[in-house]
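Reading through the structure tokens given below for one structure.
Here, each number is a calculation from the coordinates, and none is a lab measurement. Please read these numbers as outputs of a predicted model, since none were measured by experiment. Because the Cβ atoms are built from the backbone with ideal geometry, glycine has one as well, and the counts that use them run over all protein chains shown.
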Amino acid sequence: MADSPDRTRPHILHVHGSFNLGGKEARAVQLMNIWGDKARHSIVSADPDAMGARAAIDPGVAVDFPDGPSFAGKPGLARYKVITAFLKRFDLILTYNWGAMDAVMAHRLAGASAGLPPLIHHEDGFNAEEAVRLKTKRNLFRRLALQRAHGMVVPSVRLETIARQIWKQPAHKVHLIRNGIDVARYAPPPAPDAIPGLRRSPGKLLVGTLAGLRPVKNIPRLVRAVAAHKDRLQLVVVGEGPEHDAILAEAARQGMGDIHLAGFMDRPWRFVGLFDIFALSSDSEQFPISLVEAMAAGVPVASMNVGDVANMVATANQPYVVTDEAGLADALGALADDADLRATLGAANRDRATRDYAEKTMVAAYGALYGEALASPRILL
């Protein structure tokens with residue numbers, strides 16, 4: 001194994017644009033924790049200050065956070081040569097989203113003769129600048145950079161279509177692996193004080209969301225939708241990010257004094273069941289794992305119609321997947337009106353999660369793909 005005194009375990013490099021806890025980071029950590037001592041991991045972020053997800057990694061996992069080259073900046077051959085030298089230290093390179101695309105391009109330009117390890121790219125969705133329309137220059141960059149990738153993983157049918165039709169990836173290189181969780185963990189009811197600092201407003205239902213506080217998540221939209229029913233709904237947001245102050249400012253404008261921003265919290269099975277309604281207000285998603293977590297906890301969903309969301313929820317919950325802010329407010333109001341409806345949709349969502357989003361299926365698919373790239377098919381199984 002490359003650059004490793006331990007010749008029995010692969011050394012895997014993870015390249016992120018940001019490593020604050022969101023869907024892709026949660027899944028990467030989930031896999032690391034499950035595989036335990038079967039691999040060593042190194043994690044780098046193009047934003048070196050965005051490393052909040054490291055707190056969710058189990059203490060027993062062999063992981064470090066090396067001072068690597070900059071993965072942010074203008075494209076250039078000199079930068080790519082430095083990145084290439086760094087990549088040689090590992091057995092497998094895993095890159096995530098647009099923020100890691102410089103590593104993919106460096107790998108591509110180095111060519112087969114450079115002796116670099118295989119690279120697998122993961123695309124989970126888009127930030128605000130591409131939430132409505134993909135950028136032509138980025139599409140061309142991706143198309144070129146991905147030519148030498150061993151494979152590409154996407155969690156949604158929409159992203160699979162984009163990868164094949166727009167980024168021109170051959171079918172055999174594109175792997176659709178849906179996000180999965182340990183559904184059974186979400187069955188026990190959570191402790192009432194599971195969310196630190198949350199003070200429940202008497203007589204109000206709790207609307208909750210889990211999200212990185214970034215513009216693409218459009219939490220201010222959710223604030224306004226909840227504000228339409230602020231006499232009977234209270235909002236809690238679990239996550240961290242640069243939009244924190246903007247969200248509080250919008251809540252103040254809407255007269256929502258009981259909003260609670262909980263910050264980063266790991267192990268979501270401990271608290272998601274406290275939500276009476278789970279809400280998703282993003283401008284762009286693909287296969288949000290936070291939605292699967294809410295479904296596993298038996299929570300009804302009000303969501304924007306983004307990515308694969310409408311096909312993820314139970315059929316009975318689909319009318320509450322909507323196209324605009326007014327629809328989101330209406331969906332929240334309808335769910336708030338009817339306790340029996342909330343219970344029915346929650347149970348249907350839990351059944352769907354149990355049937356279709358099992359953790360073991362996802363873990364086996366990733367283990368097989370990474371093992372094949374490492375020329376050791378069962379090394380992670």
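Things to note:
- Selected from A72, L21, A128, residue furthest toward positive end of dipole (the chain; charges at beta carbon): A72
- Intensity falloff of the stretch 183-356 expressed as log10 I(q)/I(0), Debye formula with alpha-carbon point scatterers, at q = 0.09, 0.16, 0.20 Å⁻¹: -0.25, -0.87, -1.49
- When the Gaussian network model of the chain links Cα atoms closer than 10 Å, the mean-square fluctuations of G257, G346, G212 top out at G257.
- Here the gap between D337 and D37, fully extended at 0.36 nm per residue and compared with their Cα-Cα distance, gives a gain of 103.1 nm.
- When the alpha carbon coordinates of the stretch 35-135 are projected onto the principal axes, the ranges are 40, 39, 22 Å, largest first.
- Net dipole in debye of the chain [+1 Lys, Arg Cβ; -1 Asp, Glu Cβ; about Cα centre; nearest 20]: 1240
- Within the stretch 242-311, the chymotrypsin sites (Phe, Trp or Tyr not before Pro) that combine a DSSP coil assignment with at most 16 other C-beta atoms in a 10 angstrom radius are F264.
- Gaussian network model of the chain, springs between alpha carbon atoms under 10 Å - residue of P155, P48, P188 with greatest fluctuation: P188
- Value of relative contact order over the stretch 183-356, rounded to a whole percent, pairs C-alpha under 8 Å and six or more apart: 25
- Only beta bridges with both residues in the stretch 183-356 are counted; by DSSP, about 5 percent of them are antiparallel.
- Net lengthening on full extension, A128/D58 (0.36 nm per residue, minus Cα-Cα): 22.1 nm
- Karplus-derived 3J(HN,Hα), 6.51/-1.76/1.60, for each residue of the stretch 242-257, Hz, glycine and proline x: x, 8, 3, 5, 5, 5, 5, 5, 5, 4, 5, 4, 8, x, 9, x
- Averaging the Cα positions of each part gives two centres, and for the stretch 22-93 and the stretch 316-342 these lie 39 Å apart.
- In terms of packing, defined here as the mean over residues of other Cβ atoms within 10 angstrom, the peptides 350-356, 204-210 line up highest first as 204-210, 350-356.
- Per-residue packing, averaged as other Cβ atoms within 10 Å, sorts the ranges 231-241, 307-317, 287-297 into the order 287-297, 231-241, 307-317, beginning with the highest.
- In this simple spin-label model, placing a label point 7 Å from the Cα along the Cα-to-Cβ direction at both D356 and A252 gives a separation of 4.2 nm.
- Over all pairs of different C-alpha atoms in the chain, the reciprocal of the mean inverse distance, the Kirkwood hydrodynamic radius, equals 21.4 Å.
- Set of the stretch 153-175 residues, backbone N closer than 18 Å to the point 7 Å along the Cα-Cβ line of L144: 166-169
- When the Cα convex hull of the stretch 117-165 is projected onto planes of every orientation, the mean area is 3.6 nm².
- Dividing the summed helix terms, -39500 (n - 2.57) for each DSSP H run of n ≥ 4, by the number of residues in the chain produces a 222 nm estimate of -10500 deg cm²/dmol to the nearest 500.
- Of K74/K135; K38/K173; K24/K74; K135/K168; K24/K217; K88/K137, those spanning more than 22 Å from alpha-carbon to alpha-carbon: K38/K173; K24/K74; K88/K137
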